[in-house]
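Below: the structure, in structure tokens.
Each reported figure results from applying straightforward, stated rules to the coordinates on display, with no laboratory input. Quantities reported herein were computed from a predicted structural model and do not represent experimental measurements. Please note: Cβ atoms are built from the backbone with ideal geometry, for glycine as well, and neighbour counts cover all protein chains shown.
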Amino acid sequence: MSFVNENVYDYSVNNYSLSIMKKIRFDSYVLETLMPDLTGHDKKPSAFLVYIYLWSRLALSRSRTVQASLQTIANETGLSKSAVQASLRHLLRRRLIRSEQASKTAVPIYSLQRPWRRPARSADS
């Protein structure tokens, strides 16, 4: 897998507090190619933000899918609900994510697609 969760411990001697931060690793393609493509070429920086949000949720849960409503994504990214909708449509159109719903009113389940990763070819081909 391309991302690894690591705990980073920050001890505070004065007030005896402990804070734990999670590190999330991204494929270099995401920052070197996808970010300039979505923000510069496509003029959709909110789509990049939503993609990063979904990536982080998946990494922290160590799952292949994440269930999140439009309102949840909007609240946690600081984007408007309509900006999240437009971003998700763009990511779906670019085939960077997949979305499934049990019914029209169900909360969507998202999975990330990484089209830059090609399956390894067998030695026979």
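Restricting attention to region 50-69, the residues that are in a helix (DSSP H, G or I) and in contact (Cβ under 8 Å) with a residue 12 or more places away in the chain total 10.
Taken over region 102-117, the residue count meeting the criterion of being touching a strand residue (DSSP E or B) at 6+ places or on another chain (Cβ under 7 Å) and in a loop (DSSP other than H, G, I, E, B) is 3. Looking only at region 40-64, which residues are surrounded by fewer than 17 Cβ atoms within 10 Å (Cβ to Cβ) and more than 16 Å from Asp27 (Cα to Cα)? Gly40, His41, Asp42, Lys43, Pro45, Ser61, Ser63, listed by residue number. For region 70-82, the condition of being hydroxyl-bearing (Ser, Thr, Tyr), farther than 18 Å from Phe26 by Cβ, free of Cβ contacts under 8 Å to residues at least 60 places away in the same chain and part of a helix (DSSP H, G or I) holds for at least one residue.
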